[in-house]
Amino acid sequence: MQRTAGIKSRQLLVLRTHLAIAFRLLPALILLIAIAINLPARQAKAGETTRLTTQSAIVVPANLQGSLSLDGFLQIAIDPTGNASLAEMFDRHDAEFSDIRGHDLNLGYASSAGWMRLILERPPGAAGDATLLLSLTPNFSDIVDVYVAQDRPGLTAADFSRTEMGDHAALVRSSFTGLENVLPIQLPSSGRLIVYIRGASSNSSLNLSVSAYSPTDFGFMTTLANLARGLWFGGMAILMIVQIVFFCFDRRAFYPLLAVNILGATLVYFGNLGLSRLLLFPQGGLGNDYFTASAAWLGLTAGALSVASVLELRRRHPWLNRLFLASAVIGITGVLFAFAGENRIFAPLASLIILIVTTAAMAVSAQDLIMLKDAESGLKAAAFILIWCGLILTSAQRLGVLPLPNWVAHSYAIASICHFILLTGSLAVRLRKAEAINRDNDKRAVAAAHAAERHANELVISRTRELADAKKTAEDALRAELQAQVRQIRFMEVISHQYRTPLAAIRSNIDSVRISLPKEDQANRDRLDRGRQAIVRLVEVLEVNLIRSRLQGASFEPHFTCTPIADIMTAAYAKAEDLLQGTNIQLDIAPAARPGLVMADAEMLGIALINLLENAAKFSAGAQSPKVSLGARMVDGSTIAISVSDNGIGIPPSEIETVLSHSARGSNAKHVAGTGVGLSLVSRIAAAHGGSVSLASPRKGPGTIATITLPSVRSSVLAAKS
């Protein structure tokens, strides 16, 4: 399999190499072919006028139906100067005229003028005059002069009547048609009618076709021709609209470029079919020349850009893309030549460029068909092959390379609409392919979304299960902690109960012994007093720890009563004096705060103050003169602030907000024993009383100021009512 794939890849590489070489040699080859074909054709034309003939008359039947065949009855003469008059051509008679096949004069982009001559006569015994319509096409020929005279002895050029019918002259309006040069000719019942036709071009190709029709059938034939023209223009308009619709669904540049290309081809035939002369320039002049030439050159520009975009040459064949861009630039340059009156010189180059560009596009599309073998590449290849054939036929007829009839010039029009239909079909296939890819991508995206949703649901279920397990674990841990706290409380209650009785007995015996001592035995009395104080302190420690255990457990539920703040602070101060012997504690209650009342659980709030005082004493023990202060003040008449300050080690400013958390301690307090639950307990007690706790450093010196802010009874009552 790998060997087969390698052989195919090498064959494909060789094919691409050969095609690339062919693309590079193609322009030179086409140029040589054009020169080789054009040279003998011009030489043949130069020798056409050497043969002398006797011209036969065309017999117009009395019951003429449709068109009259002129093949074999027309003679032509070439005027190299382009300025010969009718008198000069009439005097030469047969010396310059020669028979031609068909009924067309085609000199291409030449400065020479062409003369055509035909003789008309009625059949013997014809009665009355008859009318014959002489049609001269195409409409865009610059100069078309028709000279008509009845043959007689001594006939001279002055006996001919002249009719100007080129697009440089005013439009000859008739009841027959406005798109063709139609001249009604009255045929006498006897005798011959001689007709000279002169055609010349100053800025376009010289193509002239002569036809004769019966007036009764010309209208029907013209109607069919106009219907075909209308269908062609309508089809081109629909194709332009289709490109715009495609562009709305797929924002690719080649859709508007192709629409402009279709518009350019439409404008070219708008001029070639006579519509521009009929609708825009009925008074003649150079306007129609400028219009038709500019439309052709702009069509080259639009065609080169659109084909390069459709075939994606910029990405696939950059060097070939540059050729197409150069062709577009030449098309714009051709517009300047057309308005400068030099279109006849520059136009043959355009035909060669169009042929090269079209051939290159055909080769690229054929290469795509060989490699891809799909519907899109097949339609593109058919489109470019068809337009190439139409271009070859039309160019050969317009340039006079081959003696082709005038109707061959319309092969490009037929090929162009078929080309655009096939090209639009290929783009439609491409668009449908893109839509199919988008649908597949959407399906994959939906499938991926469903898979992601299922995965998310599984994750939610898994996380929910994990959360449920974590919740159960937390509940079990909380339950165990509560049970431990309950056991701790019971333990503290047992200790308090068991120790209170013997301590009371010891204190009673100490009091009895002290009473029995004589007054002069002051030393023993002092020893007994110190023992009694130690017993009191031990009892106080047991009571404080018992209360703390209850507050930290499940019994954290305050029982509020209206209590003076001074009583709570005095009780806390007394207990602190007993617990913290040797610590200098100052009590400072502002006069405005002494009558203040708070709704509080006195025992719980007292524990909070004792915790703050213990911390203050503990963290200021290392100071030279430790100092702890307990104070209260009124704030705004509705709030009481209780503060505990010290001159200890303080708290780092960045850690003030965190030390109120459970088990959190300052980074500078590692050398001091503690668990970090004291401040968190104080914060919980303050919150339970509708207040808050804040920590700050003094403005001057070390230490910490802890402040409990509580609402007074008056503000609490107002808040409850609201």
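General remarks:
- Sparsely packed chymotrypsin sites (Phe, Trp or Tyr not before Pro) within region 59-138, loop by DSSP, other Cβ within 10 Å at most 14: none
- Across region 311-429, Cα pairs under 8 Å and at least six residues apart give a relative contact order of 22 percent.
- Spin-label pair Ile515/Asp567, simplified geometry with 7 Å Cα→Cβ offset, distance in nm: 3.2
- Cα-projected label distance for Ile332 with Gln150, points at 7 Å along beta-carbon direction, nm: 6.1
- Extension reserve of the Thr223-Asn584 stretch, reckoned as 0.36 nm per residue once the Cα distance is removed: 117.3 nm
- Residues with amide H under 5 Å from that of Val635, placed H, sequence gap 5 or more: Ile640, Ala641
- Length gained on full extension, Ala127 to Leu467, computed as 0.36 nm times the residue gap minus the Cα-Cα distance: 110.7 nm.
- If you take the alpha carbon atoms of region 272-413 and fit the smallest convex hull around them, that volume is 120 Å³ per residue.
- Other-chain or far-sequence residues with amide H under 5 Å of Gly102's (modelled H): Gly72
- With 32 Å as the limit, the listed pairs Lys472/Lys618; Lys519/Lys627; Lys373/Lys443; Lys443/Lys471 have Lys472/Lys618; Lys519/Lys627; Lys443/Lys471 beyond it between alpha carbons.
- Within region 61-117, trypsin sites (Lys or Arg not before Pro) in DSSP loop having at most 11 other beta-carbon neighbours inside 10 Å: Arg101
- Relative to the current alpha-carbon distance between Leu279 and Ser202, full extension at 0.36 nm per residue lengthens the span by 25.5 nm.
- Put a dot 7 Å past the Cα of Trp319, heading toward its Cβ, do the same for Gln522, and the two dots end up 12.7 nm apart.
- Förster radius 60 Å - calculated FRET efficiency between Arg432 and Val460, Cβ distance, rounded to 0.05: 0.90
- Karplus-derived 3J(HN,Hα) values for region 444-457, using 6.51 cos²θ - 1.76 cosθ + 1.60 with θ = phi - 60°, are 5, 5, 5, 4, 5, 5, 4, 4, 5, 5, 4, 4, 5, 5 Hz; glycine and proline are entered as x.
- Taken one residue at a time, the phi angles of region 68-75 give Karplus couplings (6.51, -1.76, 1.60, θ = phi - 60°) of 9, 6, 10, 4, x, 10, 9, 10 Hz. Gly and Pro are set to x.
- Applying D = kT/(6 pi eta Rh) to region 228-282, where Rh is the Kirkwood radius over alpha-carbon pairs, T corresponds to 37 °C and eta to 0.692 mPa s, the Stokes-Einstein value obtained is 273 µm²/s.
- For region 265-272, 3J(HN,Hα) per residue [Karplus equation, 6.51 cos²θ - 1.76 cosθ + 1.60, θ = phi - 60°, Hz, x = Gly/Pro]: 5, 5, 5, 4, 7, 4, x, 5
- Note on region 201-325: the C-alpha convex hull projects to 10.3 nm² when averaged across all orientations.
Read-outs: derived from the displayed coordinates by stated rules, not from any lab. Small disclaimer: the values here were computed from a predicted structure and weren't measured. Here the Cβ is made from the backbone with ideal geometry for all residues, glycine too, and neighbour counts use every protein chain on show.
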